[in-house]
Amino acid sequence: MTVTTKKRLEEVRHALLDLHKSLVDSERVTYEKTVGSVGSPNQFLQLLTNDPWFAWLHPISQLIVSMDEALDAKEPLTDAAIEAIIKEAGKLLTPSESGEGFARHYFDALQRDPDVVIAHADLMKILSRPR
């Protein structure tokens, strides 16, 4: 992996983490309005990892883990492999009003929360930059 490709992956990962945080915060607000308040950070972590309400967020979490593994790999990945991971981010983060699963939930989050919109726009700027 070249220094340029590694830097690009790090930038995408950082923006993806910001987006993930915005999505988690937004979904927590929606959850608490619908179900009730969450008692503690530990309880919220349990909800994030085990409750079906938050299951739609797992693909973005898994993508971040893939990026972490790529950056920490003992054998550096090729530039093509890194670009494939980055391309996967672009495909995952395509909202769909008529879709289902992640794409539909992502569309809904973009409609209800300006922080999600800003984080999405920041990530899309990075993804659209020429290599």
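Nothing in this text is a laboratory measurement; each read-out follows from the coordinates by a stated rule. Note that this is a predicted model, so its numbers are computed, not measured. So basically every Cβ, Gly included, is an ideal-geometry build from the backbone, and we count neighbours across all protein chains shown.
Electrostatic tally near GLU97: other residues with Cβ closer than 14 Å to its Cβ, Lys and Arg +1, Asp and Glu -1, net 0. Of all lysines in the structure, the ones whose alpha carbon falls short of 26 Å from that of LYS21, not counting any fewer than 8 places away in one chain, are LYS6, LYS7, LYS33, LYS87, LYS91, LYS125.
When +1 charges are put on Lys and Arg Cβ atoms and -1 charges on Asp and Glu Cβ atoms, the dipole computed for the chain relative to its Cα centre reaches about 320 debye.
Across the range 3-128, counting alpha-carbon atoms alone, Rg and Dmax equal 15.4, 47 Å.
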